[in-house]
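Chemist: Just passing along the structure, written as structure tokens.
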Amino acid sequence: MSVIKTHQLSKIYNGSAVAVHALNKVDLHIEEGEFTAIVGPSGSGKTTLLNIIGGLDNATSGDVEVAGKDITRMSENDLIDFRLHNIGFVFQAYNLIPVLTAQENVEFIMLMQKRDKKERHERAMSLLKAVGLESQADKRPSQMSGGQQQRVAVARALASRPRFVLADEPTANLDSVSTSNLLDIMARLNQEEGTTFVFSTHDQRVIDRARRVITLEDGHIVSDETKA
Amino acid sequence: MMLVQIAWRNVWRNRGRSLVVMMAMVVGISSVIFLMAFSWGMYDYRIKEAIEKESSHIQIHNPKYKEFMEAKFTIADANQLDQKLGKDSRVKAVSNRFVVMGMALSSRSNVPARIIGVDTLEENKTTDLSGSLTEGEYFTGTKGIPVLVGEKLAKDLKLGLKKKPVLQFQDANGDMTAIKVKIVGLYKTNNSMFDGMNVFIPKEALQNAAKIKGVNEIAILLNDARDVDDVKTELQSGTKSMVETWKESIPELAIAIDTFDKTMFIIVLILFLAVAIGIINTMLMAVLERVREIGMLMAVGMNKDKVFSMFMLETIFLSLAGAPIGIFLGWALVAWGNHSGINLSMYGEGLSSMGFSNMVYPSLPVKDYFILTGEIIVISILAALVPAYRSLRLNPATAIRKI
Ligand SMILES: Nc1ncnc2c1ncn2[C@@H]1O[C@H](COP(=O)(O)OP(=O)(O)OP(=O)(O)O)[C@@H](O)[C@H]1O
Ligand SMILES: [Mg+2]
């Protein structure tokens, strides 16, 4: 079953001088359990696409169906709630609340979902364990490396039991060791837990790890390959 | 719950800045408290003095006396009133006076004077006149007519103790009359204007000279100032004479207090406004600094109510963190000032001419501390609305783009 469906999705930015067609009639289906990279040159529309399917931005035209719901017509507050329960996010940076520890950051999302304390605690610890950071549970983001912070962000993204995780250039600020480390964790969660990951990247090593690679150019999908 | 925690920890993210805001809060609150206590101390004293030495709590006149200021308009039912007051347990003392406006003349000078004929015993119970004497004695039997004059008046007349000025005024028929009197005592109150015009003289001597019987002023001192309005209303309902409380008989004082209250309110408002603007500014800065973080929070599912509450809480914490220290410091300053008193004799001239004491003992009713605390809370909530509202206007997609 498709967890993400777009139909003739377009986004036009009406900038100061000229209108930019950041996305141009994109038709895209993403199935449950995928491990998919969105690639393409800078300015090709990767971030725009991820933001729109993540319900962070509005499309200019076309439809977006996420987990069976048409999100283009949702009110802002419904959309926030929808994101909370259905989508996990990992950004390039500033993923974590600086004044909370790793564990609190992971628990925070579940707290907003009104889960009880025991469940929050147990799930936070098991997720931190899954990303290899149980020993760092009490540290604040500023006391962790960039790679560790991104792993906490992955744990946080999974805490809400989302339908899929969107990651916009999650490794852009990481060195190669941290990058492959993070990819290992994501791949394992994808294999073992069946978590759907969609991530954008410029990094060939990351592209190599993806099972499906969608290439954008000037807001068009120019290639869509699934590895055997 | 976690929002509270986040908000509190956020306050300490920029420690230096938060401490500056708290210092401003401490200084603002403690100086407001001290300022209020100082002026309250000053006025409280002034009011007490004015009542005890000058106006008493209640005064009764013939309405025409008030209008024309002529001694012949005496109080028709003075005797009945006096009897009624004698039986009232709320009344501490009553002075039946005969007052004439005239001049005090010496060989070197003449000064307008308010000549007050009193029953010397009654008057002393009502205004403690003998307590204000600085020289001489209280109406001791001598040859001639004894009078007490204010130090200021004596100075203006260039006369001292035992000297004999002449008092000049109109009698019942409108003819000028004069009597020679002897200064047996000088008094001094905190109000030099009062001292500059009031001459106290035995009542009969003045009545005889003016050829008028009866009294034209009754001054009443109560045991408890809070009964003033009740007693006034009761008295007024049984007489055609005019009954007035101190607020009416010394309207300058009531107006001054009122003006002063308003001025105080504005000063407090300005001070708090300044502090509030500082807080709002700091927090707006914090919101702008954290655009990405707020974008992230909204992206991952923190709804606007929660973002709003988070910033509300943070601002309120920031502004209230310093409040207890400020209140304590203010209280301590007031306590210290109250204990040792603050000497204003440097500026004494101007103050005592308005009836203020040179020593001020700041004090603030407990009630005012609570009102102030309430005001601080309201102001910090209002101040919190601005940055919290500002944070809502962020759009996650644009905020996230900044990452
Ligand atoms: N807020 C905006 N206003 C105007 N134009 C925008 C805005 N955001 C993006 N664009 C334009 O839309 C196009 C697509 O941008 P987008 O950020 O999606 O590209 P990208 O593939 O994510 O690039 P990168 O690899 O550099 O992150 C670009 O031409 C960009 O300049
Ligand atoms: Mg991008």
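The values are calculated or read from the model by the stated rules, or taken from the named source; none is laboratory data. Predicted, not measured: the structure shown is a model, and the values here were computed from it. Ideal geometry is used to build each Cβ from the backbone, glycine not excepted, and the neighbour counts take in all protein chains shown. Surface areas here come from the heavy atoms of the whole protein model, side chains and all, with no ligands, DNA or RNA. Shrake-Rupley method; radii C 1.70, N 1.55, O 1.52, S 1.80 Å.
Chemist: Which one of the conditions (1) without any contact (Cβ under 8 Å) to a residue 40 or more places away in the chain; (2) assigned to a helix (DSSP H, G or I) does B:MET302 fail to meet, given that it meets all the rest?
Modeler: (2)
Chemist: Can I ask one more? B:ALA93 - would you say it is in the same structural domain as B:PHE68 (by TED's automatic domain parsing), among the aliphatic types (A, V, I, L, M), touching a residue at least 40 places away in the same chain (Cβ under 8 Å) and in contact with a Lys or Arg (Cβ under 7 Å, 6 or more places away or on another chain)? Spell out the reasoning first.
Modeler: Working: in the same structural domain as B:PHE68 (by TED's automatic domain parsing): yes; among the aliphatic types (A, V, I, L, M): yes; touching a residue at least 40 places away in the same chain (Cβ under 8 Å): yes; in contact with a Lys or Arg (Cβ under 7 Å, 6 or more places away or on another chain): yes.
Yes: the conditions hold for B:ALA93.
Chemist: Tally up the residues in region B:304-342 that are open to solvent by 40 Å² or more (accessible area, probe 1.4 Å) and within 14 Å of another protein chain (Cβ to nearest Cβ), please.
Modeler: Within region B:304-342, residues that are open to solvent by 40 Å² or more (accessible area, probe 1.4 Å) and within 14 Å of another protein chain (Cβ to nearest Cβ) number 6.
Chemist: Now a separate question. Restricting attention to strands (runs of 3 or more DSSP E) lying wholly within region A:185-226, give those where 1 or more residues are closer than 19 Å to A:VAL90 by Cβ and touching a residue at least 40 places away in the same chain (Cβ under 8 Å).
Modeler: Where strands (runs of 3 or more DSSP E) fall fully within region A:185-226 and carry at least 1 residues being closer than 19 Å to A:VAL90 by Cβ and touching a residue at least 40 places away in the same chain (Cβ under 8 Å), they are A:196-200, A:212-217.
One line per residue, one yes/no per condition, for (1) touching a residue at least 12 places away in the same chain (Cβ under 8 Å); (2) closer than 26 Å to B:GLU123 by Cβ:
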{"site": "B:LEU206", "(1), (2)": "yes, yes"}
{"site": "B:LYS213", "(1), (2)": "yes, yes"}
{"site": "B:LEU222", "(1), (2)": "yes, yes"}
{"site": "B:GLU234", "(1), (2)": "no, yes"}
{"site": "B:GLY238", "(1), (2)": "yes, yes"}
{"site": "B:ALA254", "(1), (2)": "no, yes"}
{"site": "B:LEU269", "(1), (2)": "no, no"}
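Every residue, every condition in (1) open to solvent by 50 Å² or more (accessible area, probe 1.4 Å); (2) in contact with a helix residue (DSSP H, G or I) (Cβ under 6 Å, 6 or more places away or on another chain); (3) within 14 Å of another protein chain (Cβ to nearest Cβ); (4) part of a helix (DSSP H, G or I), yes or no:
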site: B:THR239; (1), (2), (3), (4): no, no, no, no
site: B:LEU253; (1), (2), (3), (4): no, yes, no, yes
site: B:ILE270; (1), (2), (3), (4): yes, no, no, yes
site: B:LEU273; (1), (2), (3), (4): yes, no, no, yes
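Chemist: Right, next: For region B:382-403, give me each residue that is more than 54 Å from the chain's Cα centre (by Cα), part of a helix (DSSP H, G or I) and exposed (fewer than 15 other Cβ atoms within 10 Å of the Cβ).
Modeler: Hit for region B:382-403 is B:THR398, nothing else.
Chemist: Please verify whether region A:130-145 includes one or more residues that are among the small types (Gly, Ala, Ser), within 30 Å of A:GLY68 (Cα to Cα), more than 8 Å from chain B (Cβ to nearest Cβ) and crowded, with 22+ Cβ neighbours inside 10 Å.
Modeler: No, the conditions are met nowhere in region A:130-145.
Chemist: Moving on to the next point. Within region A:64-75, does at least one residue satisfy the condition of being modelled with pLDDT under 90, within 10 Å of chain B (Cβ to nearest Cβ), touching a Lys or Arg at 6+ places or on another chain (Cβ under 6 Å) and at positive phi?
Modeler: No, region A:64-75 contains no residue that is modelled with pLDDT under 90, within 10 Å of chain B (Cβ to nearest Cβ), touching a Lys or Arg at 6+ places or on another chain (Cβ under 6 Å) and at positive phi.
Chemist: Still on this structure: Take the residues in region B:275-296 that are among the hydrophobic types (A, V, I, L, M, F, W, C) and open to solvent by 40 Å² or more (accessible area, probe 1.4 Å), then tell me which one is farthest from B:ASN216 (Cα to Cα).
Modeler: Ranking the candidates gives B:LEU288 first.
Chemist: Sort through B:LEU221, B:LEU206 and tell me the only one that's assigned to a helix (DSSP H, G or I) and not polar (S, T, N, Q).
Modeler: Within the list B:LEU221, B:LEU206, the selection yields B:LEU206.
Chemist: Counting only residues that are of a type in the set (Lys, Arg) and more than 14 Å from every other protein chain (Cβ to nearest Cβ), how many does region B:1-41 have?
Modeler: 1
Chemist: Would you check if A:LYS5 is within 16 Å of ligand 1 (Cβ to nearest atom) and under 23 Å from A:ALA157 (Cα atoms)? Steps first, answer last, please.
Modeler: On the way: within 16 Å of ligand 1 (Cβ to nearest atom): no; under 23 Å from A:ALA157 (Cα atoms): yes.
So A:LYS5 does not fit the description; no.
Chemist: Quickly run through region B:55-95 and pick out the residues that are among the charged types (D, E, K, R) and over 13 Å from B:GLU217 (Cα atoms).
Modeler: Narrowing region B:55-95 to residues among the charged types (D, E, K, R): B:64, B:66-67, B:70, B:72, B:77, B:82, B:84, B:87-88, B:90, B:92.
Passing the criteria: B:GLU67, B:LYS84, B:LYS87, B:ASP88, B:ARG90, B:LYS92.
Chemist: So, one more: Among helices (runs of 4 or more DSSP H) lying entirely in region A:35-126, which contain 1 or more residues that are within 13 Å of ligand 1 (Cβ to nearest atom) and open to solvent by less than 10 Å² (accessible area, probe 1.4 Å)?
Modeler: Of the helices (runs of 4 or more DSSP H) lying wholly inside region A:35-126, those with at least 1 residues that are within 13 Å of ligand 1 (Cβ to nearest atom) and open to solvent by less than 10 Å² (accessible area, probe 1.4 Å) span A:46-53.
Chemist: Let me ask another. Take the residues in region A:130-172 that are outside any loop (DSSP other than H, G, I, E, B) and charged (D, E, K, R); name whichever of them is nearest to ligand 2 (Cβ to nearest atom).
Modeler: Residues of region A:130-172 that are outside any loop (DSSP other than H, G, I, E, B), as a first pass: A:130, A:134-136, A:141-143, A:146-159, A:164-168.
Adding the requirement that they be charged (D, E, K, R) leaves A:134, A:151, A:156, A:168.
Numbers: A:GLU134: 32, A:ARG151: 21, A:ARG156: 21, A:ASP168: 6 Å.
Ranking the candidates gives A:ASP168 first.
Chemist: Still on this structure, please answer the following. Return the residues of region B:131-153 that are within 13 Å of B:PHE200 (Cα to Cα) and free of Cβ contacts under 8 Å to residues at least 40 places away in the same chain; say none if nothing qualifies.
Modeler: none
Chemist: Kindly indicate the residue of region A:1-34 that is at pLDDT below 90 and not in a strand (DSSP E or B) and also farthest from ligand 2 (Cβ to nearest atom) among those meeting that condition.
Modeler: Within region A:1-34, the match that is farthest from ligand 2 (Cβ to nearest atom) is A:MET1.
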